[in-house]
Each structure stands twice: as structure tokens, then as C-alpha cells.
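All of the numbers you see were taken from the coordinates with simple rules; none came from a lab. Just so we're clear, the structure is a prediction, and the values are computed from it rather than from any experiment. Using ideal geometry, Cβ is built from the backbone for each residue, glycine included, and neighbour counts are taken over all protein chains shown.
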Amino acid sequence: MSNKRDKPQNCYVFVDMEKRQLVLDEDGTYAYWLKEEDVIEVVRKIHEERPSFDFTRYGIAYITFTYTEYEEGRELEFMNIDVMYSFSQIM
């Protein structure tokens, strides 16, 4: 069984700025990148392949995960999301 703390404590993700939520895959998961340069490169590739894509609606956020133990062996996970910029600001 995988421990939830096996995932990185900080990462970059895509966000839907209209709906104010993470961009999720069909199964409810999301893609993340460990380096800002890598996620920006993905946005540039999307722009090359689909220049008509709505770049104003989506953005990049930086996530920090924190944990609070409220009872021995039981804890809450918090996802602190800081939206950095829209895709259009990268172009």
C-alpha cells in the first residue's frame, strides 16, 4: 500500500481558473511536475500543437502539502494552492 506522503510535498499543476479547481483526469487524478521549467515547457508544447486552445481559462499553480495530526495515527492533509499565472501569460 502506498503512503500518501510518498508523493512530493511541493509540485506544479494545471488549474481551471474559471471553475477555480485543479484540472483532473477522468479518473480524478491530476498531473504534476516537480520543476517550474517542465510545466512551462508542456504549456508551450500545447500552444504549438493547439494554437486555438483557450489559454486564458487555464493556469499553473504551485501546491504545497501539509499535514496536521489531530489524534495519534490520524491526520488531515491540506493542499495549499497558489495560482501563479495563466497559460496566456507564458506565451
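The table below gives the values:
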quantity: Fluctuation leader among Asp27, Asp54, Asp38 - the chain, Gaussian network, Cα springs under 10 angstrom; calculated: Asp27
quantity: Degrees, to the nearest 10: 36-49 long Cα axis against longest axis of the chain; calculated: 40 degrees
quantity: Likely footprinting exposure, Tyr32, Tyr70, fewest C-beta neighbours within 10 Å first; calculated: Tyr70, Tyr32
quantity: Ranking of Tyr58, Tyr67, Tyr12 by count of other Cβ atoms within 10 Å, fewest first; calculated: Tyr67, Tyr58, Tyr12
quantity: Only Lys, Arg (+1) and Asp, Glu (-1) charged, at Cβ; the chain dipole about Cα centre in debye; calculated: 220 debye
quantity: Of Val13, Gly73, Gly28, farthest towards positive along the dipole that unit charges on Lys, Arg, Asp, Glu beta carbons give the chain; calculated: Val13
quantity: Taking only Cα atoms of the chain, radius of gyration then Dmax in Å; calculated: 15.1, 52
quantity: Alpha-carbon centroid distance for the pair the stretch 72-91 / the stretch 23-69, whole angstrom; calculated: 11 Å
quantity: CD proxy at 222 nm, helix term only [per DSSP H run n ≥ 4: -39500 (n - 2.57); per residue of the chain; nearest 500]; calculated: -5500 deg cm²/dmol
